[in-house]
1. Can you find a residue in the stretch 203-226 that is part of a helix (DSSP H, G or I), at pLDDT below 90 and over 30 Å from Ser43 (Cα atoms)?
2. In the stretch 148-158, which residues are open to solvent by 30 Å² or more (accessible area, probe 1.4 Å) and touching a helix residue (DSSP H, G or I) at 6+ places or on another chain (Cβ under 8 Å)?
3. Among the numbered criteria (1) in contact with a Gly (Cβ under 8 Å, 6 or more places away or on another chain); (2) at pLDDT 80 or above, which single criterion is violated by Leu142?
4. Go over the candidates Leu231, Leu181, Leu237, Leu186 one by one and state the one that is open to solvent by 30 Å² or more (accessible area, probe 1.4 Å) and out of contact with any helix residue (DSSP H, G or I) (no Cβ under 8 Å at 6 or more places or on another chain).
5. Give the stretch 249-279 a look and list any residue that's surrounded by fewer than 18 Cβ atoms within 10 Å (Cβ to Cβ), of a type in the set (A, V, I, L, M, F, W, C) and closer than 18 Å to Arg213 by Cα, or say none.
6. Checking the structure you have, find out if any residue of the stretch 31-44 is among the acidic types (Asp, Glu) and farther than 17 Å from Leu142 by Cα.
7. Filter the stretch 189-228 down to residues that are closer than 17 Å to Met27 by Cβ and in contact (Cβ under 8 Å) with a residue 12 or more places away in the chain and give me whichever is least open to solvent (accessible area, probe 1.4 Å).
8. Can you tell me which residues in the stretch 161-188 are touching a residue at least 12 places away in the same chain (Cβ under 8 Å) and of a type in the set (Ser, Thr, Tyr)?
Amino acid sequence: MEKTRFNTLSDPPGHGRRQRLWAVLCMTAGVVCLISLADALISARRTPANHVNLLAGQSVELSGAVTGTARTARDLSVETDTDDLSLVFEDTLFKGFWFGTQMWHGRLSARDRIPAGTYALTIISRDLSGIGPKDHDRAAALSAYSVQVHGSARALRQSRLSLIRKYAGISPWLPALGAFLTAVLLGGAVYTASCKMEAQMALQGRAEIYRTRETPDGTQIFFGLGRRHGLKPGQPLSLLDKSGNVLAVTAVDSPGEENSSAVAGISDIPPGCLVAMAGPKKMTPPPAVDGKTGKAAGF
């Protein structure tokens with residue numbers, strides 16, 4: 001006896017492969033995003049507080065919390081264990097974004113002749129009258145900086161705790177952002193392509209089984225066909241595998257508007273199976289909507 005076989009989707013050649021490729025790339029971008037975020041957050045957690053890395057002859061922007069009752073940058077001074085480091089404050093202080101803490105901003109510079117090594121830098125407030133005895137240790141910790149000067153750009157990169165920054169030379173936030181945007185775009189493309197393919201399958205009277213459930217009468221299958229697609233109670237359906245071979249014939253229990261279920265006479269239905277309606281398919285369009293009232297036409 002010849003085995004019945006249906007043609008599978010008549011979509012453009014390579015459409016399914018392209019969609020699967022997009023899905024794989026989307027998942028890959030998501031993994032890259034998570035790895036980059038983990039690298040950025042872990043390295044930030046491991047970086048000592050008030051630690052600065054720079055090269056000889058380099059300048060970096062620096063900000064910190066004000067200790068004491070300083071009102072302008074003139075109330076602050078700097079102590080270092082070398083004359084080859086200098087910190088120049090901006091004249092005005094500002095308030096931090098999150099907690100409104102009084103902050104200073106300045107530029108830390110290292111001379112070209114400074115030897116490689118670690119140096120201490122301390123911010124001193126001239127008036128500490130507003131700090132209680134219990135807060136002196138905390139104020140001292142906030143005011144003390146460790147400045148590590150590296151002899152070469154390679155040495156500076158190797159000192160980074162972020163693996164991405166160490167080996168690629170870029171901030172880990174850049175691949176995280178790029179991978180996130182890529183995942184969003186590819187995810188949108190996969191979703192759009194899936195919707196188009198499902199609509200095309202529905203026009204052919206076919207739908208993919210998206211859920212199964214074991215019952216005493218057999219395996220109950222759920223699929224995206226309903227009354228809108230011309231499905232009627234008791235209508236026979238063919239259960240197809242990925243290649244279009246008929247695995248079983250079943251009938252609709254009670255069709256919904258766009259989703260229905262049926263009980264198949266077989267168990268262990270593999271993923272990717274389809275159901276197919278027999279005979280011509282007539283799809284009922286959704287009710288038209290009046291552009292002025294926003295209501296369905298005729299109401």
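The values are calculated or read from the model by the stated rules, or taken from the named source; none is laboratory data. Since this is a predicted model, take the numbers as computed values, not measurements. Positions of Cβ are backbone-derived with ideal geometry, glycine not excepted, and every protein chain shown enters the neighbour counts. The accessibility values were calculated without ligands, DNA or RNA, using every heavy atom of the protein model including side chains. Shrake-Rupley method; radii C 1.70, N 1.55, O 1.52, S 1.80 Å.
1. Checked the stretch 203-226: at least one residue is part of a helix (DSSP H, G or I), at pLDDT below 90 and over 30 Å from Ser43 (Cα atoms).
2. Correct list: Arg157, Gln158.
3. Result: Leu142 passes all but (2).
4. Leu181
5. Those that are surrounded by fewer than 18 Cβ atoms within 10 Å (Cβ to Cβ), of a type in the set (A, V, I, L, M, F, W, C) and closer than 18 Å to Arg213 by Cα: Val249, Ala251, Val263, Ile266, Ile269.
6. There is at least one residue in the stretch 31-44 that is among the acidic types (Asp, Glu) and farther than 17 Å from Leu142 by Cα.
7. Result: Ala193.
8. Ser162, Ser171, Thr182
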